[in-house]
Amino acid sequence: MQFAIKLMKMKKAKLEEISNHNSVPILAWDFHYEYLNELKVDFADLKKVKEISAHFAWDEEHLNISERIRQEVVLITDVDMKIVFASSGISTMTGYVESEVLGRTPKMFQGKETSKADLREIRKAIELQIPFEKTIKNYKKNGKIYTCRISASPVFNLKGKLSHYIAFEKEDLSA
């Protein structure tokens, strides 16, 4: 009888030891799950951009899309400035989802606090088909102003013809 009690205590102690060494807090799994979901979304965004790039035969070597898509919102417009792609980060930055911005122009984010001088400089860069970087005041879906750092470039196909514009945007929290 004493042997059976001792054996049960040993099994209980061993079970506690195993559970203490092999347990992972549920919180860690939550972080892992969130990270995997972020990677999945980033991968889906990158896949869409690659499809656009392949379809229009972009010369995308210098754009660093795969590196930048995780930290910045990516907007792609056609030559008429109509948005044809917005990465999933658009909803966090502006409150809009991709389906709400497709077919519209980036003017939808501008308002009375957006600098007219900055907009003239952006228009001039677009006309000259040259890259530009600007930090401007834009508006979220809820009307709140945010400072947006934009780094944009014209995108040419392999024949050298203008195909699209691509902008990498990030909310500037230091402003």
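Brief remarks on what is shown
- For GLY103: the one exception among (1) surrounded by 12 or more Cβ atoms within 10 Å (Cβ to Cβ); (2) outside any helix (DSSP H, G or I): (1)
Each row is one residue, and each column tells you yes or no for (1) over 19 Å from the mean Cα position of the chain (by Cα); (2) more than 19 Å from SER53 (Cβ to Cβ).
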| position | (1), (2) |
| --- | --- |
| VAL84 | no, no |
| PRO106 | no, yes |
| GLN110 | yes, yes |
| ARG123 | yes, yes |
| GLU133 | no, yes |
| GLY143 | yes, yes |
| LEU158 | yes, no |
| SER163 | yes, no |
| GLU171 | no, yes |
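- Hits in the range 138-175 (condition: part of a loop (DSSP other than H, G, I, E, B) and either touching a Lys or Arg at 6+ places or on another chain (Cβ under 8 Å) or open to solvent by less than 70 Å² (accessible area, probe 1.4 Å) (or both)): LYS140, GLY143, GLY160, ASP172
The values are calculated or read from the model by the stated rules, or taken from the named source; none is laboratory data. This one's a predicted model, so the numbers in the text were calculated from it and none came from an experiment. Don't worry about glycine lacking a Cβ; one is built from the backbone with ideal geometry, like all the others, and counts go over all protein chains shown. Ligands, DNA and RNA are excluded from the accessible area calculation, which covers all protein heavy atoms including side chains. Shrake-Rupley method; radii C 1.70, N 1.55, O 1.52, S 1.80 Å.
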